[in-house]
């Protein structure tokens with residue numbers, strides 16, 4: 001027997017998916033808190049990088065990432081809210097990878113991973129397909145941000 005996913009007509013979840021069943025055992029409110037907490041922790045680490053670094057390009061990239069990640073935590077009740085959550089987790093994860101050599105910035109990686117896992121748990125509760133495209137699109141945003149910083153800023 002299968003369950004219909006109303007967000008994506010035609011997509012079906014098997015009732016006995018071990019990963020889905022395990023995810024649904026975690027309270028949805030806890031997952032929501034972990035998602036927001038992971039993204040805010042990554043933003044705080046990015047702010048710490050801004051404070052601790054002397055290199056202007058690193059400071060600008062970390063500051064931009066902190067602002068973008070923080071914006072994804074704002075409570076929105078629209079269709080874009082789901083994608084923004086995934087985008088924020090991706091910005092934290094890939095931003096941590098891009099800035100890994102800058103002091104504590106590597107801590108953004110697990111914070112982004114935690115946020116993504118928590119969002120996936122919420123998606124399992126709602127029986128929706130995770131919007132991983134937005135997560136990976138954040139990697140392109142981080143790459144573009146780093147390219148702009150490297151090519152345009154001096155020092």
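Can you tell me which residue within the stretch 70-87, out of those that are under 11 Å from the mean Cα position of the chain (by Cα) and in a loop (DSSP other than H, G, I, E, B), is surrounded by the most Cβ atoms within 10 Å (Cβ to Cβ)?
Across the stretch 70-87, the extreme among qualifying residues is 72.
Could you pull out the residue among 25, 39, 59 that is free of Cβ contacts under 8 Å to residues at least 12 places away in the same chain and touching a helix residue (DSSP H, G or I) at 6+ places or on another chain (Cβ under 7 Å)?
59
Inside the stretch 88-109, can you point out the residues that are surrounded by fewer than 24 Cβ atoms within 10 Å (Cβ to Cβ) and within 28 Å of residue 129 (Cα to Cα)?
Within the stretch 88-109, 97, 98, 107, 109 meet the criteria.
Write out, first by first residue and then by second, each pair whose Cβ atoms fall under 6 Å of each other, whose residues are 6+ apart or on separate chains, and whose first residue, in the stretch 81-97, is over 13 Å from residue 139 (Cβ atoms) while the second is assigned to a helix (DSSP H, G or I) and modelled with pLDDT under 95.
Short answer, once both residue conditions are applied: 83/134; 85/119.
Check the stretch 61-69 and report whether any residue there is modelled with pLDDT of 90 or more and surrounded by fewer than 18 Cβ atoms within 10 Å (Cβ to Cβ).
Checked the stretch 61-69: at least one residue is modelled with pLDDT of 90 or more and surrounded by fewer than 18 Cβ atoms within 10 Å (Cβ to Cβ).
Among the residues of the stretch 112-129, are any surrounded by 17 or more Cβ atoms within 10 Å (Cβ to Cβ) and over 17 Å from residue 31 (Cβ atoms)?
Among the residues of the stretch 112-129, not one is surrounded by 17 or more Cβ atoms within 10 Å (Cβ to Cβ) and over 17 Å from residue 31 (Cβ atoms), which makes the answer no.
The values are calculated or read from the model by the stated rules, or taken from the named source; none is laboratory data. This one's a predicted model, so the numbers in the text were calculated from it and none came from an experiment. Note that each Cβ is placed from the backbone with ideal geometry, even for glycine, and that neighbours are counted across all protein chains shown.
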